[in-house]
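Asker: Mind having a look at this structure? Questions to follow.
The values are calculated or read from the model by the stated rules, or taken from the named source; none is laboratory data. Just so it is clear, the structure is predicted and the values come from calculations on it, not from any experiment. Note: ideal-geometry Cβ built from the backbone for every residue, glycine included; neighbour counts use all protein chains shown.
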Amino acid sequence: MRSIFRRNTKAAKEPEIRSEDSGKVLSWIRKWGIAYVLPLVLIVSLVLLQKFLMYCRDYGETYATRIFPVLSFLPVKISSLVPISLTEIFVVTLVLSSPILLALLILRIRKAVKERRGKKFFYRVGRFVAWMLFVIYALFMFLHGFNYTRRTLESSLGFGRRNYTVEELQEVYIWVVDGLNVARLESCEDERGVISYPGGVEALLADMETLYEESAADLAPITGNSGRPKRVALSHYWSFTYIVGMYFPFFGEPNINVDVEMSEILFNVPHEMSHMHGFAVENDANLAAMLICINSDCPELRYTGFCEALDLIFVELMYAYNTDTQGFEDFIVRHPIVEGYFRDEDARFAYWEKIEPPKIVTDASEAANDTFLKANQQEEGVQSYNMPRSNVADYYFTHVKGK
């Protein structure tokens, strides 16, 4: 009788205990799972998805060419309606308001602790921060981060990176020098005899969207949304960090340092616009910019593209000559470059010589950029800006002579 009564009592209490346990689990999920665990899981999922796409480049290419243009359409078009840099306004506002926001946060913490609401206050702040980090990271990944996983532009263009003979590289070098010389003679100059652009920087930024799209029409892999590049009012101070351009994916906005020489601006603009077209990897953006310039009807852009090509083919040819230094020098002398090129280079070097930023600033800037690139699966970090030397010869034999 006694033992039966106990068993019945236990049986009657079991559902109540289970119900209480379930309630605790649901309460924990609502309080901690949704507030902290879920955003963390979602962030990790995005990181893993990016890693997966790095090994499945076809999916990354599909995202960059089909999904990304749809997602970035509104940010690019809305940003283009505003004539000034939204990125600069955002960054300056954030920097100036940070001390005020920090002071307000400290006051709120003191008030919450005084009123014995500290635990509840920190919980709410933590929940807000966790979800805000997820939203920011998700926007970054969908508007830029996943584009790091697409196929390389050189593979899309059919480049082979094969070893070329000295004679073949000589042919490419002559093509580059001839193109550079003709374009430089057709280009505008300022009062110093240094390359300029008709109407100056503002005219270039206004024209660049059309110039980019016209040139990209002949380069099938370069597709996507296009918008107006923006000048940065604080460009001179940007130079102290050696930043000459920056693409801000949240606004779909290419930002350009307009304090540097025009010879650099002419290349920096299409480079940043190539990020807008889905080329997140730096050497892909460099290659896209070089080809956009070389294929342009604008002589100033065409000249800039051939300048980039000259740097690559010069080194490639020098390595091909190997120990025949005299033979290399004799060949270079037989194919001179116009004087205007050297005036442009002297002006560019003179500009950077007068910029003497504190070493801690340049080191911090490079370290931040290196970390950012490596966090996005670019193992070479800041070295990923360097294009393979064979790109110029690959392009020449595949798309110029091969036509």
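Asker: Select from region 221-247 the residues that are free of Cβ contacts under 8 Å to residues at least 24 places away in the same chain and either buried (at least 20 other Cβ atoms within 10 Å of the Cβ) or in the same structural domain as THR65 (by TED's automatic domain parsing) (or both) and list them in ascending order.
Answerer: Scanning region 221-247 gives a single hit, TRP238.
Asker: Among the numbered criteria (1) among the hydrophobic types (A, V, I, L, M, F, W, C); (2) part of a loop (DSSP other than H, G, I, E, B); (3) exposed (fewer than 15 other Cβ atoms within 10 Å of the Cβ), which single criterion is violated by ALA203?
Answerer: Status for ALA203: all satisfied but (2).
Asker: Let me ask something additional. Give GLU213, GLU168, GLU209 a once-over and let me know the one that is modelled with pLDDT of 90 or more, over 20 Å from ASN286 (Cα atoms), assigned to a helix (DSSP H, G or I) and not assigned by TED's automatic domain parsing to the domain that holds PHE68.
Answerer: After ruling out the rest, the residue left standing is GLU168.
Asker: For region 261-359, list the helices (runs of 4 or more DSSP H) that sit wholly inside it and hold at least 1 residues that are within 24 Å of the chain's Cα centre (by Cα), closer than 18 Å to LEU205 by Cα and in the same structural domain as GLU214 (by TED's automatic domain parsing); which are they?
Answerer: Where helices (runs of 4 or more DSSP H) fall fully within region 261-359 and carry at least 1 residues being within 24 Å of the chain's Cα centre (by Cα), closer than 18 Å to LEU205 by Cα and in the same structural domain as GLU214 (by TED's automatic domain parsing), they are 262-276, 282-294, 299-321.
Asker: On to the next question. Just to be sure, is GLY179 in contact with a Phe, Trp or Tyr (Cβ under 9 Å, 6 or more places away or on another chain) and assigned to a helix (DSSP H, G or I)?
Answerer: yes
Asker: Turning to a different aspect of this structure: Does VAL194 qualify as being touching a Pro at 6+ places or on another chain (Cβ under 9 Å) and in the same structural domain as TYR303 (by TED's automatic domain parsing)? Show your work before the answer.
Answerer: On the way: touching a Pro at 6+ places or on another chain (Cβ under 9 Å): no; in the same structural domain as TYR303 (by TED's automatic domain parsing): yes.
In short, no.
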